[in-house]
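Data first, discussion second: the structure below is written as structure tokens.
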Amino acid sequence: MNRSLIDFLPEHAALDPVSFHMPGHKGSKLYKELGYGHILDNLMDCDITEIPGADNLFQTEDVILSIMQKYQKLYGSKRSYILINGSSVGLIAAILSSTKRGDKVIMARNSHKSIFNAMRLGGLEPVYLFPEILEEHGILGGIAPDEVERLLQENPEASCVVLPSPNYYGICSDIRAISEVCHKRNKVLIVDQAHGAHLKFMDGDHPEAAEDGGADVVINSTHKTLASWTQTAVMNVMTDRVDLNIIEDNLQILESSSPSYPLMLSLDVNAEILLDQEKKELAFGEWKKAVDMFYAKSHEIPGLKVMMDPMLDHTKINIDMSAYGLSGNELEDLLMEKGIFVELVTGNIIMCMTGIGTRREHINRLLEALKDIAASRNLVASSEGPDHSPMLTMRLERAAVPESKISLNLDDCEGRVAAGSIIPYPPGIPIACPGEIITKDLIDYVKGLRQMGEKVIGVSQMGEILVGE
Ligand SMILES: Cc1ncc(COP(=O)(O)O)c(C=O)c1O
């Protein structure tokens, strides 16, 4: 029998782990530090339903409306919606609200799976924007405004443009320039800011929040970097280009009719922290000191490469120790042995995700661990460059999306048309989508990931995928 979650979670907590992964609060300390400890003591009693006085997520007029109004004020939106099924549901609702069946949508090929799912649900035709590749680091960069312009010229009938900013590694796109390009043609720009809910509230030098850059709809996973709990998010509607009644109708179709009150409560706490100058300065000040300390001290570790880029949201720390002959996966394992858990590995890069609950003690643990690893190994002759993940460059041919599907073993799928998505997780970006033609390279790559123990959604335990009949 497999281990139970009832055993696993306390065992994990007993390790005194350091979280460089979602969620952003990094544990109960943050709420206690900011005066919300009592909420945690009575959490189970907060798990109620729509009794009188508790309002209704889909017909807000009281306590839930007040949370939405707080976010409206915080982000300067025309209307903000709190979401209890993550940014995923907000992205799908925003796309379905900006399109009609059969429409073309210009979307980043490195989008999260929820956006591909919106294409399937809405019967939409994706036109792919390919991001730049940051050769020096072997990762995907931002989306160039010129590329959006070119695709809009070629597809003037497209109804909206959807892209992530920041992307998973923290690289932002120039949303101000992309908004101008979209609005010149009166197209809706939807920004997946799942990784950048905090950008609006940061001081100092950092990429601009999409809300300030002119996007029409911006979806933020407040759980990823701020203080609300996993599955919570906020959708900000900034302009009149999308009808609020249509958005509300789509949200009530897509979300549970029993939204969790503890989750909504955490969204209220998060909003209060951001609105209270003293609490906000305390939390953001400590977070910034911690992140700054990492960048200031990282040069003490010889051979450690730390990603720097003018479009990088520096709260995402991307590091590379290939100078010691370590791949990203090997480095992740060594850190895990020291109780440090990271968010993502791509090639030689590991991404350490900080959040509002990150403190200098967490960064010290990371720096100490990296120093120990460096001290226990020798620098190796420099390699030819970053180890590129095939996800960066693989472009599959496309055919019609199959009408009927069958399951086939991966080994028998070369040349077949995918009928489902194949999604390495994280980062949750499909490597093959319905209608794309499966190649030998793709099969080998997916098999390699599975052999390394990586999770690949869309491939069954027996190694089968869905293809056209
Ligand atoms: C780029 C991106 N967009 C959207 C999402 C979905 O966000 P959520 O987990 O809040 O549904 C994710 C999740 O990891 C993501 O990485």
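Only the coordinates and a few stated rules stand behind these numbers; no lab work does. Nothing here was measured: the structure is a model prediction, and the numbers come from that model. Glycine gets a Cβ as well: all are built from the backbone with ideal geometry, and neighbour counts include every protein chain shown.
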Arrange the following residues from fewest to most other Cβ atoms within 10 Å of their Cβ: Phe294, Phe341.
Phe341, Phe294
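Let a ≥ b ≥ c be the square roots of the eigenvalues of the Cα gyration tensor of the chain; is it rounded (a/c under 1.5), or, if not, prolate (a/b larger than b/c) or oblate?
rounded
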Counting Lys and Arg as +1 and Asp and Glu as -1, what is the net charge of the other residues whose Cβ lies under 10 Å from the Cβ of Gly339?
0
Grab region 230-338 and count how many Lys pairs have their alpha-carbon atoms under 17 Å apart, sequence gap of 8 or more, or different chains.
11
How many percent of DSSP beta bridges within the chain run antiparallel, rounded to 5?
65 percent
In terms of modelled amide H atoms, which long-range or inter-chain residues lie less than 5 Å from the amide H of Ala432?
Ile422
